[in-house]
Amino acid sequence: MCKEPEVLFVDTREAAKILSLTPGTLRTWRCIGKGPEFVKSGEGRTAKVLYPVTALKEWAESRKTKPTHI
């Protein structure tokens, strides 16, 4: 039985799905230095943007908050 390889990187669309955001939000955040870490495969405007799955998990974990009592 073959085991499927673990996914290491996802594109912007898949990252947005994982984080319940829109791809546009992630694009905006990249421009302003906000959001999860990403890598560019290539150079210039044609470079493919990829998000390490581990970075998405770490970023989501860092956003956890506890409820406040009013």
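The values are calculated or read from the model by the stated rules, or taken from the named source; none is laboratory data. The structure presented is a predicted model; accordingly, all values stated were derived computationally and were not measured. Virtual Cβ from ideal backbone geometry, glycine too; neighbours counted across all protein chains shown. The accessibility values were calculated without ligands, DNA or RNA, using every heavy atom of the protein model including side chains. Shrake-Rupley method; radii C 1.70, N 1.55, O 1.52, S 1.80 Å.
Details
- Extent along the principal axes, Cα only, for the chain: 49, 41, 16 Å, with the longest axis given first.
- Dividing the summed -39500 (n - 2.57) terms of all DSSP H runs of n ≥ 4 by the residue count of the chain sets its mean residue ellipticity at 222 nm at -11500 deg cm²/dmol.
- Residues with amide H under 5 Å from that of V10, placed H, sequence gap 5 or more: Y51, V53
- Here the accessible area is traced with a 1.4 Å probe on the protein chains. For the chain, carbon and sulfur cover 54 percent of it.
- Accessible area expressed per residue, the chain, with surrounding protein chains retained (probe 1.4 Å, Å²): 88
- Here the spin labels are modelled as points 7 Å beyond Cα on the Cα-Cβ line, and at C2 and I32 they lie 4.5 nm apart.
- Placing pseudo-labels 7 Å out from each Cα toward the beta carbon at I18 and H69 gives an inter-label distance of 3.6 nm.
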